[in-house]
Amino acid sequence: MGHSDGEHVHEGDDLSADDSSWSDGVWSEDGDEESLSFEDSGEGSGSDGESDEAAAAEESDSSEDEVAPRNTVGDVPLEWYKDEEHIGYDIDGRKIKKRDREGRIEAYLRNADDAKNWRKIYDEYNDEEVQITKDEAKIISRLLKGKTPHTNVDPYPDYVDWFEYEDKGHPLSSAPEPKRRFVPSKWEQKKVVKLVRAIRNGWIKFDKPKEERNLYLLWGDEADTADNKRHGLSYIPPPKPKLPGHEESYNPSIEYIPTQEEIDSYQLMYEEDRPKFIPKRFESLRSVPAYEKALREGFDRCLDLYLCPRTRKKRINIDPESLKPKLPSKKDLRPYPKTCYLEFKGHTSPVKSISVEISGQWLASGSCDGTIRVWEVETGRCLKVWNVGGDVRHIAWNPSPDRPILAAVVGHDLLLINAEVGSEEMQMRVKDLLKIDEMAPQDDTDDKKPAVRWMKHEKLDGITLIHQKAVSNVEWHYKGDYFTTVVPTGDTRAVLLHQLTKKHSHHPFRKLPGLPVAATFHPSQKMFFVATKKFVQVYDLQKAQLVKKLESGLREISSISIHPGGDNVIVGSKDGKLCWFDTDLSTRPYKTLKIHSKDITRVTFHRKHPLFASASEDCTAYVCHGMVYSDLNQNPLIVPLEILRGHSSSDGRGVLDCKFHPKQPWLFTAGADSVIRLYCD
């Protein structure tokens, strides 16, 4: 690119304030001679004699001006002398000592007082500090700015057109580029198609690479071959047989030959401790007999080559403590029940079932002595006793606070009685609810015998639901109007639903996959859970269809409990295992805990606190922390907390039932020793 007449381009340098002495000069253009000339400016532009002397000094190649390097090691890397006290040798063979490097603090103090410190650099090759000159600093500064190192170089010279335009009409064509330069050639395409067709038909054959012969060293060390090195560090060469020594010689020295006493002592040793070979002496090699163990040792050698593991197992050093799951501390998970605070005594036979009123003020219990008792939780006194005349297998308190009604399984039938707690107005409403003048409408069957008959209980002023077979379990709906009973049979009437207000019963299932063990309602939705001996089936009551089928993998399910959120289920088994199901995650157990040595009789969740418990025939009750998170990506946290003991065994039975307090972190346990215990924090 050229410059117009009179245009000057100045290139300065920002190295120092007095930069005028190092100015780059001015480019000027002579219009008459059409030539370029460089004019120096500033103090550096002296006479012509001075400039000639400076040019001569720059072009001087005298070896006297050059300083020989101190390091004479040549092309040897200086890293080799990293740990040595010298960096080479001089012409006389003496070591060139390294200069003592001063500390950082001394270097900082020395450089703080030195105004020319910024112009000093460390020459690692010669182990010395070198001070750069102003010209060198100027070159470095220009290079950092992206300019040419010398000022007399023009990075943008004038364009010289080498074409002569005189007497030429049109030296260059201004026609546009033809289309054929942008469109693929049809001729080349046809040629490629012919070549592809010839290759496919086999007319054009390529030379196959020659297979190299697989050569190996017959007597060489296998560990040094290139093929074995490709295996990496995990390769293990085959075991080498031990080379013979002096003992295996046919004419060994006398000190290698054992005495007769030593030979006799070998017979007293174990076979694995005996020496494999006993040296003997022969006069000549011809008199040496055949080796009797040659065939056996050859066979063992083949076994070593065939059965020896040829890979090295990577051993990982892992601390056993690091394999344990990182669980939070028990102090951070409080409150939870751990101490026996109160005992409820009054029953004379094993207490099979207990239930806590929704407010937490009253506790109901049923025993094999034929009585139902209502206790005051805070004081432990017995408020009411009913003699029902049969074993009370199960008892459940109505979850509605306005309906203090107890549902108890007595013998083969179900009994609904007024608990007689609360205000007089509330008791009057309960009595009206439990009135049944005529025979209530029965099970919705056509010509078969009804499965349930609603009859009035004259003695206790309640209702008796007479079933065809023995009832084992009863559970209330969370609204308090519906309840379910389980009859462990294989027919369609094994699980029944009842409505208290209409005194109506019906069987919702035509077929079950096995004998039902327990049934319960969803805490907030219209879902119904039925536990058989192997599976847990989840039904939608509104759509009347099966939603999920949970596979427990247990020997036999004994009890079931639903988390207040409704998405998690725990089941207990008769082999001492507890399974936690996350219904949103899978139909298989999320966790299986082997915590009891005998049958689990009851499992239960707490309504408000993240706690669940299990009772067993081994006279213990386990309390565990079970936190369920709202984040679906985070799995539930299960931490065992406490083992509650205190109940004694009776006829081989231990803790028969357990229930949490509705509001407080308290646990009630009922045992075969006819005692009810309250555990608090």
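Annotations
- Selection from segment 547-560 of residues that are open to solvent by 20 Å² or more (accessible area, probe 1.4 Å) and of a type in the set (S, T, N, Q): S558
- Of the residues making up segment 403-422, those that are more than 25 Å from C368 (Cβ to Cβ) and modelled with pLDDT of 85 or more number 1.
- Among the residues of segment 454-471, those that are among the basic types (K, R) and exposed (fewer than 14 other Cβ atoms within 10 Å of the Cβ) comprise K459, K469.
- F529 crowded, with 19+ Cβ neighbours inside 10 Å, modelled with pLDDT of 90 or more and among the aromatic types (F, W, Y): yes
- Close Cβ contacts (under 7 Å, 6 or more residues apart or on different chains) running from residues in segment 71-96 that are farther than 13 Å from D127 by Cβ and at pLDDT 75 or above to residues that are among the β-branched types (V, I, T) and open to solvent by less than 50 Å² (accessible area, probe 1.4 Å) comprise Y89/I96; D90/I96.
- Selection within segment 650-681 - open to solvent by 20 Å² or more (accessible area, probe 1.4 Å), at pLDDT 90 or above and not in a strand (DSSP E or B): K663, Q664, W666, D673, S674
- Failed item in (1) over 42 Å from the mean Cα position of the chain (by Cα); (2) within 24 Å of L656 (Cα to Cα); (3) buried (at least 17 other Cβ atoms within 10 Å of the Cβ), with P516 passing the rest: (1)
- Flag for Y341 being open to solvent by 90 Å² or more (accessible area, probe 1.4 Å), assigned to a strand (DSSP E or B) and not basic (K, R): yes
- Some residue of segment 606-613 being surrounded by 19 or more Cβ atoms within 10 Å (Cβ to Cβ), among the basic types (K, R) and in the same structural domain as R393 (by the TED database): no
- Hits in segment 371-408 (condition: in a loop (DSSP other than H, G, I, E, B) and touching a strand residue (DSSP E or B) at 6+ places or on another chain (Cβ under 6 Å)): V377, G380, V388, G390, N398, P399
- The single condition among (1) more than 28 Å from D582 (Cα to Cα); (2) surrounded by fewer than 20 Cβ atoms within 10 Å (Cβ to Cβ) that P636 does not meet is (1).
- Taken over segment 277-294, the residue count meeting the criterion of being among the aliphatic types (A, V, I, L, M) and surrounded by 10 or more Cβ atoms within 10 Å (Cβ to Cβ) is 2.
- Residue among L611, L593, L585 that is at pLDDT below 90 and within 26 Å of the chain's Cα centre (by Cα): L585
- A Cβ distance below 8 Å, combined with a sequence gap of six or more or placement on separate chains, defines the contacts here; from segment 550-562, residues that are on the phi > 0 side of the Ramachandran plot reach residues that are open to solvent by 30 Å² or more (accessible area, probe 1.4 Å) and modelled with pLDDT of 90 or more in the pairs G553/R588; G553/P589; G553/T592.
- Y165 vs. criteria aromatic (F, W, Y), modelled with pLDDT under 85 and not in a loop (DSSP other than H, G, I, E, B): no
- Residue in segment 576-595 that is open to solvent by less than 60 Å² (accessible area, probe 1.4 Å), in a loop (DSSP other than H, G, I, E, B) and free of Cβ contacts under 8 Å to residues at least 12 places away in the same chain present: yes
- Selection count, segment 112-146, where residues are part of a loop (DSSP other than H, G, I, E, B), under 28 Å from R101 (Cβ atoms) and either among the hydrophobic types (A, V, I, L, M, F, W, C) or touching an Asp or Glu at 6+ places or on another chain (Cβ under 9 Å) (or both): 2
- Residues of segment 375-396 include at least one that is among the polar types (S, T, N, Q) and either outside the structural domain of H661 (by the TED database) or open to solvent by 30 Å² or more (accessible area, probe 1.4 Å) (or both).
- Hey, V487 within 46 Å of the chain's Cα centre (by Cα) and surrounded by 22 or more Cβ atoms within 10 Å (Cβ to Cβ) or not: yes
The values are calculated or read from the model by the stated rules, or taken from the named source; none is laboratory data. All of these numbers come straight from a predicted model, not from anything done at the bench. FYI the Cβ positions are ideal-geometry reconstructions off the backbone, even for glycines, and counts take in every protein chain you see. These accessible areas exclude ligands, DNA and RNA; they are computed on the full protein's heavy atoms, side chains included. Shrake-Rupley method; radii C 1.70, N 1.55, O 1.52, S 1.80 Å.
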